[in-house]
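Everything on this sheet refers to the single structure shown next.
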Amino acid sequence: MYNEKIMEHFNNPKNVGELDDANGIGQVGNPVCGDIMKLFIKVEKDRIVDIRFKTLGCGAAIATSSMITELVKGKTVEEASQVTKETVAEALGGLPPAKMHCSNLAADALNKAIADYQEKESDES
């Protein structure tokens, strides 16, 4: 059901864990499948310098979490905000239709982490 790239990110996920100094955190869940994803970003000078995730879910949820961290690390906040569920799925070589909701979680968690960061930044201004 899963291609080699998905299996690689599932078996050897990148950027797993929490960031104690995260300045943006996004958490999302899917009540239908039970997947929960939490994304931590560290932004310096408008660039995502570090990103980590904690995911409880299926192989696709873990793979999309891992892939999104690889896609946005080093990008500006604006560039990262352009990453969509389709971007994540394409980067993994496609997801089975029944698992596309997993890539939605990754993109949604990233957008929530970015919004959290931006809210904190505006509060400091």
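Data table
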quantity: Single residue of the stretch 90-120 satisfying the filter (more than 17 Å from Q27 (Cβ to Cβ) and without any contact (Cβ under 8 Å) to a residue 24 or more places away in the chain) that is surrounded by the fewest Cβ atoms within 10 Å (Cβ to Cβ); calculated: P97
quantity: Wholly enclosed strands (runs of 3 or more DSSP E) of the stretch 1-60 bearing at least 3 residues without any contact (Cβ under 8 Å) to a residue 40 or more places away in the chain; calculated: 36-44, 47-56
quantity: Restricting the stretch 40-70 to residues that are more than 13 Å from the chain's Cα centre (by Cα) and among the β-branched types (V, I, T), the residue that is nearest to E90 (Cα to Cα); calculated: V49
quantity: Criterion (touching a Cys at 6+ places or on another chain (Cβ under 8 Å), under 15 Å from A109 (Cα atoms) and surrounded by 22 or more Cβ atoms within 10 Å (Cβ to Cβ)) met by exactly one of T64, T55, T69; calculated: T64
quantity: Hits in the stretch 71-125 (condition: within 24 Å of E44 (Cα to Cα), not in a helix (DSSP H, G or I) and not charged (D, E, K, R)); calculated: G74, T76, Q82, V83, T84, S125
quantity: In the stretch 28-48, the residues that are surrounded by 12 or more Cβ atoms within 10 Å (Cβ to Cβ) and either of a type in the set (G, A, S) or more than 13 Å from Y117 (Cα to Cα) (or both); calculated: V28, G29, N30, C33, D35, I36, M37, K38
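Values in this text are rule-based calculations from the coordinates and carry no lab data. Treat the numbers as computed from the prediction; the structure is a model and nothing was measured. Heads up, the Cβs are rebuilt from the backbone with ideal geometry, glycines too, and the neighbour counts pull from every protein chain shown.
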